[in-house]
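The values are calculated or read from the model by the stated rules, or taken from the named source; none is laboratory data. Just so it is clear, the model here is predicted, and its values are computed rather than measured. Here the Cβ is made from the backbone with ideal geometry for all residues, glycine too, and neighbour counts use every protein chain on show. To get the accessible areas, we keep the full protein, side chains included, count just its heavy atoms, and leave off ligands, DNA and RNA. Shrake-Rupley method; radii C 1.70, N 1.55, O 1.52, S 1.80 Å.
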Amino acid sequence: MLLAVDRLDYTKGVLERLRAYAHLLRSSPELKEKVILIQIAVPTREGIDAYQDLRTEVNRLVGEINGKLGTPEWTPLVYINRSIERTELVGLYKLADVCWVGSLRDGMNLVAKEYVACKPEGDGVLVLSEFAGAAAEMGEALLINPFDEERTAATIERALALDEQERRLRMTALHHRVVRNNVFRWGERFVAALQEAVAERGRFIDTQPQRLRPAEVRDAYARARRRWLFLDYDGTLVPFAKRPQQAAPPTVILDLLSDLASEPQNCVVLMSGRSAENLDRWFGTIRGLWLVAEHGAELKNSSTSIWEPLRSQVAADWKSTVLPILEHFVDRTPGSFVEEKKYALVWHYRAAEPEFGEWLANELVSMLEAMLAETELRAFRGEKIVEVKPVWANKGEMLGRLLAAYPDPDFIFAAGDDRTDEDLFERLQDNAWTVHIGPGPTRASYVVADFEGLRRVLKLLAESGRLRKAS
């Protein structure tokens with residue numbers, strides 16, 4: 001006996017379940033007169049056209065399955081289109097050999113937990129959609145993709161044929177977890193988490209970054225005689241672009257960097273994940289501007305036209321191993337693509353479906369971490385990217401070479417928005433003005449809301465320089 005209990009809602013996958021059941025009966029004739037599916041579909045929102053269409057299609061499929069696949073002695077599908085009393089439902093849960101939850105999308109799905117709660121002896125099998133929230137904590141269930149009719153039918157057949165020992169091991173583990181994690185246990189954990197959050201907030205209140213006050217920065221800048229300004233590009237000076245070639249700087253940024261770099265007391269460094277070629281093309285004409293490419297892998301002195309690598313003789317043969325993996329994820333993720341740099345490979349998924357992209361990014365990083373564990377390469381998460389590069393290619397490592405070229409500054413200002421900038425913030429002294437752009441955890445001492453807020457601060461510094469020259 002198979003049991004399915006749902007509201008008659010298109011998110012519950014009732015149509016997909018009936019089609020998979022029909023496929024099962026056609027592909028496994030040995031199940032004839034040995035299996036029955038009881039489908040309970042509680043009416044809901046009956047005044048809405050889409051739900052009336054759903055009810056009509058379900059009724060048609062029920063008639064087709066029983067008419068074409070049933071016999072005078074056997075009705076393969078029992079369809080109950082009404083509310084059902086709790087005692088009657090518990091009785092069905094107790095009787096059912098398999099509970100089939102095939103939601104297309106569910107916040108949690110209590111049917112799965114109700115069925116398990118009614119199986120203290122460990123008999124029965126739960127077949128559960130991977131798109132139900134309950135799937136995250138019910139790993140012993142047989143998980144299905146309800147959109148995959150053939151594999152769903154194969155999983156139901158496996159559930160019917162599961163040997164008694166495995167069946168009891170799976171259901172016993174599920175039952176103990178459901179009974180243990182009841183509403184009272186959840187409430188206790190929730191309140192404890194709130195209390196812990198309050199305690200942690202009080203403990204670290206003095207270490208949280210402050211909102212940057214432009215007037216204070218301007219005054220410190222005006223007093224200084226030897227200054228370093230470290231500025232990230234994407235997400236810091238400009239918003240993120242969907243594709244690398246769309247990230248060319250607007251005139252306002254070129255003018256702003258020119259003004260700051262023209263100050264004799266300033267050393268202005270633009271640090272970016274972009275390639276040396278892109279940075280040269282966009283910013284190479286700005287006199288006095290230092291450029292750092294690929295997050296610290298290469299440096300161009302403001303007085304030369306030569307790019308210097310942070311390390312010489314870097315092997316690139318690793319790309320032939322990593323590139324096929326990234327291309328496989330491109331095949332799986334519409335809207336994503338791979339960018340090849342001199343020292344790195346980057347998988348971009350900004351144009352992909354957001355939730356799916358984040359899920360696959362986690363999977364990719366996990367896979368690469370295991371594969372690259374014994375090498376100098378690492379996979380780094382950025383803003384809608386996964387970047388594979390040598391661990392030494394970072395902004396913090398480049399800082400030592402920059403400070404050696406222009407030592408003893410009395411004003412350091414560093415601004416960035418993502419994980420790559422944290423290496424720089426960590427290396428700078430406490431008296432540096434380290435600024436994180438946007439929300440999120442950071443080692444920076446100050447925060448501004450967005451790139452526009454940072455532009456206003458930099459314009460204030462540039463204007464104070466012009467006023468000083470005029471006076």
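Details
- Share of Cα-Cα pairs in the range 291-408 lying beyond 22 Å, as whole percent: 40
- The chain: angle of helix 14-27 to the longest principal axis, Cα-based, in degrees nearest 10: 60
- Based on Cα atoms of the range 78-124, Rg over Rh with Rh as the Kirkwood radius reads 0.96.
- Using only alpha carbons, the range 362-448 has a radius of gyration to Kirkwood radius ratio (Rg to Rh) of 1.03.
- Think of the range 331-417 as having a plus end and a minus end, set by charges on the Cβ of Lys, Arg, Asp and Glu; of Met367, Ala415, Pro354, Ala415 sits farthest toward the positive end of this dipole.
- Accessible surface comparison of Arg211, Arg287, Arg7, probe 1.4 Å, protein chains only, largest first: the order is Arg287, Arg211, Arg7.
- Cα-Cα separations in the chain greater than 43 Å, expressed as whole percent: 40
- With all protein chains in place and a 1.4 Å probe, the accessible surface of the range 30-159 carries 50 percent carbon and sulfur.
- Solvent accessible area, Å² - Tyr343, 1.4 Å probe, full protein context: 20
- For the residues Cys99, Cys118, a 1.4 Å probe over the protein chains yields an accessible-area ranking, largest first, of Cys118, Cys99.
- Angstrom value of the Kirkwood radius, inverse mean 1/r, which spans all Cα pairs in the range 75-176: 14.0
- In degrees, nearest ten, helix 319-332 long axis to first principal axis of the chain (Cα): 50
- Over the C-alpha atoms of the range 156-197, the Rg to Rh ratio, Rh being the Kirkwood estimate, stands at 1.31.
- Relative to the dominant Cα principal axis of the chain, helix 164-180 is inclined by about 60°.
- Stokes-Einstein D (µm²/s) once Rh is taken as the Kirkwood radius of the range 1-69 over alpha-carbon pairs, at 37 °C in 0.692 mPa s: 257
- Using just its DSSP H runs of length 4 or more, each adding -39500 (n - 2.57), the chain gives a mean residue ellipticity at 222 nm of -14000 deg cm²/dmol after division by all residues.
- With the whole protein complex present, Ser302 retains an accessible surface near 40 Å², based on a 1.4 Å probe.
- Here the chain is treated with +1 on each Lys and Arg Cβ and -1 on each Asp and Glu Cβ, and its dipole about the Cα centre works out to around 1200 debye.
- Mean separation of Cα contacts under 8 Å (6+ apart) over length of the chain, as relative contact order %: 12
- Rounded to the nearest whole angstrom, the semi-axes of the ellipsoid equivalent to the range 232-299, taken from the Cα gyration tensor as √(5λ), stand at 19, 14, 10, largest first.
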